[in-house]
Amino acid sequence: QVQLVESGGDWVQPGGSLRLSCAASGSAIDTYVMAWYSQAPGKQRELIATVYVGGDTNYADSVQGRFTISRDNAENTVYLQMDSLKPGDTAVYYCSARKYFNTYWGQGTQVTVSS
């Protein structure tokens with residue numbers, strides 16, 4: 001069982017940056033595939049960034065080149081560095097941990113991008 005707590009969401013102007021954190025407890029995350037999802041109002045939850053056990057990463061086209069996912073297994077934390085933010089990035093951002101057939105979710109953190 002993994003408990004995940006996201007933090008770092010805020011209001012930011014277009015072009016700004018934010019760094020989201022996902023702190024895990026209950027189990028070490030070094031054997032989990034970790035990911036960030038976004039869910040905009042009225043839309044389905046969307047996978048935007050994944051970091052695999054070996055450190056490889058994958059991004060949705062919409063955030064490629066602007067967002068960076070990373071993991072610190074020693075701190076049991078996953079990060080999402082968000083740069084060049086756009087109003088379209090406004091959403092609740094969720095962290096997930098996946099291993100075998102089990103997926104665990106955090107409660108989400110709100111990111112609002114507007115002027």
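The values are calculated or read from the model by the stated rules, or taken from the named source; none is laboratory data. This is a predicted model, so every value here is computed, not measured. Note that we place each Cβ from the backbone using ideal geometry, even for glycine, and neighbour counts take in every protein chain shown. Quick note on the areas: whole protein, heavy atoms, side chains included, nothing else; ligands and nucleic acids left out. Shrake-Rupley method; radii C 1.70, N 1.55, O 1.52, S 1.80 Å.
Within the stretch 74-93, residues that are assigned to a helix (DSSP H, G or I) reach partners that are of a type in the set (G, A, S) and buried (at least 22 other Cβ atoms within 10 Å of the Cβ) with beta carbons closer than 8 Å, at six or more positions or on different chains, in the pairs D89/S38. For the stretch 38-50, the set of residues classified as more than 18 Å from F101 (Cβ to Cβ) and open to solvent by 10 Å² or more (accessible area, probe 1.4 Å) consists of S38, Q39, A40, P41, G42, K43, Q44, R45, E46, listed by residue number. Screening S62 with (1) surrounded by 13 or more Cβ atoms within 10 Å (Cβ to Cβ); (2) of a type outside the set (A, V, I, L, M); (3) outside any loop (DSSP other than H, G, I, E, B) gives one miss only, at (3).
All conditions but one from (1) in contact with an Asp or Glu (Cβ under 7 Å, 6 or more places away or on another chain); (2) open to solvent by less than 30 Å² (accessible area, probe 1.4 Å) apply to A24; the one that does not is (1).
In the condition set (1) open to solvent by less than 60 Å² (accessible area, probe 1.4 Å); (2) of a type outside the set (F, W, Y); (3) modelled with pLDDT of 95 or more, G55 is compliant with all but (3).
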